[in-house]
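The values are calculated or read from the model by the stated rules, or taken from the named source; none is laboratory data. Here the structure is a predicted model, which is why all the values come from computation and not from measurement. Reconstructed Cβ throughout: ideal geometry from the backbone, glycine too, with neighbour counts over all protein chains shown. SASA here: full protein model, heavy atoms, side chains in, ligands and nucleic acids out. Shrake-Rupley method; radii C 1.70, N 1.55, O 1.52, S 1.80 Å.
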Amino acid sequence: MKLKRFLLRYYPPGIILEYIQGGEVKTKSIDLLDLSAATDVDALVEDIRKAEPLITASRKDQIVHLILRLQEKLRQQVDHKFYLFKVLRAHILPLTNVAFNKSGSCFITGSYDRTCKLWDTASGEELRTLEGHRNVVYAIAFNNPYGDKIATGSFDKTCKLWSVDTGKCYYTFRGHSAEIVCLSFNLQSTLVATGSMDTTAKLWDIQNGEEVVTLTGHSAEIIALSFNTTGDRIITGSFDHTVAVWDVGTGRRMHTLIGHRAEISSAQFNWDCTLIVTGSMDKTCMLWNALTGKRVATLTGHDDEVLDVCFDYTGQHIATASADGSARVYNAETKKCIAKLEGHGGEISKICFNPQGSRILTASCDKTARLWDPQTGQCIQILEGHTDEIFSCAFNYKGDIIITGSKDNTCRIWR
């Protein structure tokens, strides 16, 4: 094994080692999820060197320099004030979803008009329209971090894979017997997973366009799915009140997470693949050990359905959004609620952290999106202007651009 170079990863903090083994270029990452501005760098570097044989004494100064750069990034205060930059009358029929590529240089919108459109964030110009589906384009995603491909899942029961550069359709994945309502790429960008109203999920090979495996076992629609970061597990959340954990290589079901008393609304792994968080219409959010499938905690407090849940990038905090009009922030280790985000005048359907973990963004049917401080629960800013419910919101990787999608048929860029 020969070390080739280091790559810096800001969110979550880490160092990627690129090395050569048997003539092949490979990568492995050193995750520094607990890094803070106060971390003793020399002690940390010693720990890293003990654990990682690729890092020899001669590389020590390089590693110190990289960690100092990561700390510098953590010190940068995020008190960015967002302004409306562009209103895009994106489609002739209602929007379904919005998504950024990793850098935030472009984003996509899906619509009932059967198309997906690609937009340039800096100018607000439409770059291209992806046409070919015969029904609503409902689920959309970039293959981040690469961002050279787009997947679209449709009510026409197919998923299509497109080239970002040319707009060409590489493959149409056929096999589901009902609408596709969720999809996701693995982080390695070798597979795309689709979840359907036909109660199954399917994994598709991006290189050859073949179906790899069908995940069967749920007794109702699959409405959420998520790969873990290493790509060896995927979870599916269903209206049958359960979440299943599957082995990606074999398609075998490893665990069924049983405990919720109503439909699952959302499910996600944390960054280091040890925990799974699930939200449900039963008004609770549950935390599970990803390796054993055992329930670790039930996070209560909401008076109505939990519509969305997420981890921050480091996996140390969990945010929940509810139909009761409030959001909550929990500490993943202590399982305690550390902040209540109150102020929206209607249900909150989407919630996400910025990559730095210092802000939370919520989208609500009260026609506003709001920015919050997750430590104090204070509302920092209200993004006003949409004339109907906002159902989608996202940060770019730097955390300095926001897109919101609304039933008013516009998409807004805030920066």
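Before moving on, here are some points about what is shown:
- Quotient of Cα Rg and 2.2 N^0.38 Å for region 226-314, N being how many residues it contains: 1.00
- Every pair of different Cα atoms in region 1-141 enters the Kirkwood calculation, which places the hydrodynamic radius at 18.8 Å.
- The order of the peptides 298-304, 16-22, 90-96 by mean Cβ neighbours within 10 Å, most packed first, is 90-96, 298-304, 16-22.
- A viscosity of 1.306 mPa s and a temperature of 10 °C, combined with the Kirkwood radius over Cα pairs in Stokes-Einstein, give a translational diffusion coefficient for region 161-217 of 134 µm²/s.
- Links that overshoot a 23 Å alpha carbon limit, given the list 157/202; 26/60; 168/350; 294/340; 2/102; 26/117: 168/350; 294/340; 2/102; 26/117
- Accessible surface, 1.4 Å probe, highest first, among residues 254, 1: 1, 254
- Accessible area (Å², 1.4 Å probe, nearest 10) - residue 80: 70
- Rolling a 1.4 Å probe across all protein chains gives residue 398 an accessible area of roughly 130 Å².
- For the pair region 14-89 / region 149-214, the C-alpha centres are spaced 33 Å from each other.
- Net charge, residue 305 excluded, C-beta distance under 14 Å - Lys, Arg +1, Asp, Glu -1: -3
- Pairwise centroid distance, computed over Cα atoms, of region 373-415 with region 273-352, Å: 19
- Helices in the chain, meaning DSSP H runs of at least 4 residues, each add -39500 (n - 2.57). Divided by all residues, the mean residue ellipticity at 222 nm is -2000 deg cm²/dmol.
- D_trans [Stokes-Einstein, Kirkwood Rh over alpha-carbon pairs] for the chain, 25 °C, 0.890 mPa s, µm² s⁻¹: 111
- Within a Gaussian network of the chain (alpha carbon springs, distance under 10 Å), most fluctuating of 308, 113, 34: 34
- Pairwise Cα separations in region 99-205 fall into 5 Å bins from 0 onward with the following percentages, short to long: 2, 14, 26, 26, 19, 9, 3, 1, 0.
- 14 Å beta-carbon shell around residue 207, net charge (K/R +1, D/E -1): -3
- Accessible area per residue for the chain is 42 Å², calculated with a 1.4 Å probe on protein heavy atoms, without ligands, DNA or RNA.
- At q = 0.22, 0.23, 0.27 Å⁻¹ the log10 of I(q)/I(0) for region 108-165 amounts to -0.81, -0.87, -1.12, computed by Debye summation with a single uniform scatterer per C-alpha, solvent ignored.
- Among 283, 2, 86, 149, the sequence by solvent-accessible area, most first, with a 1.4 Å probe is 2, 283, 86, 149.
- Probe 1.4 Å - accessible area at residue 358, Å² to nearest ten: 40
- Residue-count net charge about residue 45 - beta-carbon cut-off 14 Å; Lys, Arg +1, Asp, Glu -1: -1
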